[in-house]
């Protein structure tokens, strides 16, 4: 493998079926009209790869095994993009991992078979290789793939490649080694129920030299390092078309900020602007944020 890439991504790479409904969200025993339907790359890592390519960054993507239905779509979609798919393993007797998302306005509901897949005890993702990390300047690692996620983090540390992770608890090695950990409202609700965001951030920043960011959907973001003050930032205000991929795009924005050596304030602002642009259109993979759009939104405030 001699293709050089700036960023290494390891995590969920899916085929996402998204359904945008015409007249509000699903109701029991009622018919719903589908306005738009797409089958496009998804998952935390798949979406981040699409966004980073749109921002002008070369990407090497690794993680979920692809199969007979997902692989052709991914290869066709990324054929004209600067995204290296060579680390992805192909499963000949499997369609590949897919999810299904129903969307209506600000409401969406994802469906899949992830619990069944994890309960199977089988490894349905690749094993990170040193050769895929060497030469990259930044990375992002999803925490879902157990020992392999930790291996990716250790390889990044060994080769001094700073990485962004998401939703990693304060006592996890992924959090301790990360340059940036983006913690969502869903994560704090699962691991820190009933604890104020400020207290969660205090707990988390003590365990790492990296930057911890707590996002709260449309609410105020909090972020801090071990020895710094807690800072706050409001998300950008835009007209929302779909929130699908908002968090994944925020992660991609953090990777871009890390890659370009941004200050903490500028990194959070850039990631927030990326996410704001993303939620203003649908479907995100066909219309990912462009660098000039993100800069324009930042400069408008």
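The values are calculated or read from the model by the stated rules, or taken from the named source; none is laboratory data. None of these values were measured; they are calculated from a predicted model. Virtual Cβ from ideal backbone geometry, glycine too; neighbours counted across all protein chains shown.
Annotations for the structure displayed:
- Looking only at the stretch 92-125, and only at residues there that are more than 18 Å from residue 69 (Cβ to Cβ) and touching a residue at least 60 places away in the same chain (Cβ under 8 Å), the one that is surrounded by the most Cβ atoms within 10 Å (Cβ to Cβ): 103
- Meets criteria (over 28 Å from residue 104 (Cα atoms) and modelled with pLDDT under 95) for residue 301: yes
- Residue check for residue 195: touching a helix residue (DSSP H, G or I) at 6+ places or on another chain (Cβ under 7 Å) and surrounded by fewer than 17 Cβ atoms within 10 Å (Cβ to Cβ): no
- Restricting attention to the stretch 8-60, the residues being surrounded by fewer than 22 Cβ atoms within 10 Å (Cβ to Cβ) and at positive phi number 3.
- Tabulated pairs, the stretch 191-207, first at positive phi and modelled with pLDDT under 95, second crowded, with 20+ Cβ neighbours inside 10 Å and not in a helix (DSSP H, G or I), C-beta under 9 angstrom, 6+ apart or interchain: none
- Residue in the stretch 24-36 that is over 24 Å from residue 291 (Cβ atoms), touching a residue at least 24 places away in the same chain (Cβ under 8 Å) and in a strand (DSSP E or B) present: yes
- Considering the conditions (1) in contact with a helix residue (DSSP H, G or I) (Cβ under 9 Å, 6 or more places away or on another chain); (2) surrounded by fewer than 21 Cβ atoms within 10 Å (Cβ to Cβ); (3) part of a helix (DSSP H, G or I), residue 72 is excluded by exactly one of them, (1).
- When the stretch 127-147 is filtered for residues that are within 27 Å of residue 114 (Cβ to Cβ), surrounded by fewer than 19 Cβ atoms within 10 Å (Cβ to Cβ) and in contact (Cβ under 8 Å) with a residue 24 or more places away in the chain, the ones remaining, listed by number, are 127, 129.
- Of all residues in the stretch 164-183 being in a strand (DSSP E or B) and in contact (Cβ under 8 Å) with a residue 40 or more places away in the chain, the one that is farthest from residue 268 (Cα to Cα): 166
- If the condition is being in contact with a strand residue (DSSP E or B) (Cβ under 6 Å, 6 or more places away or on another chain) and either at pLDDT below 95 or under 28 Å from residue 19 (Cα atoms) (or both), then the stretch 109-139 contributes 109, 110, 111, 112, 125.
- Per the listing 56, 63, the residue uniquely in contact with a helix residue (DSSP H, G or I) (Cβ under 8 Å, 6 or more places away or on another chain) and assigned to a strand (DSSP E or B) is 63.
- Taking the stretch 257-290 as the range and being out of contact with any helix residue (DSSP H, G or I) (no Cβ under 8 Å at 6 or more places or on another chain) and within 30 Å of residue 36 (Cα to Cα) as the test, the residues that pass are 280, 281, 282, 283, 286, 287.
- Qualifying strands (runs of 3 or more DSSP E) (wholly inside the stretch 210-301; at least 3 residues being over 15 Å from the mean Cα position of the chain (by Cα) and buried (at least 18 other Cβ atoms within 10 Å of the Cβ)): 219-224
- Residue count for the stretch 71-106, restricted to those that are at pLDDT below 95 and out of contact with any strand residue (DSSP E or B) (no Cβ under 6 Å at 6 or more places or on another chain): 6
- Some residue of the stretch 76-88 being touching a residue at least 12 places away in the same chain (Cβ under 8 Å), over 19 Å from the mean Cα position of the chain (by Cα), outside any strand (DSSP E or B) and closer than 29 Å to residue 291 by Cα: yes
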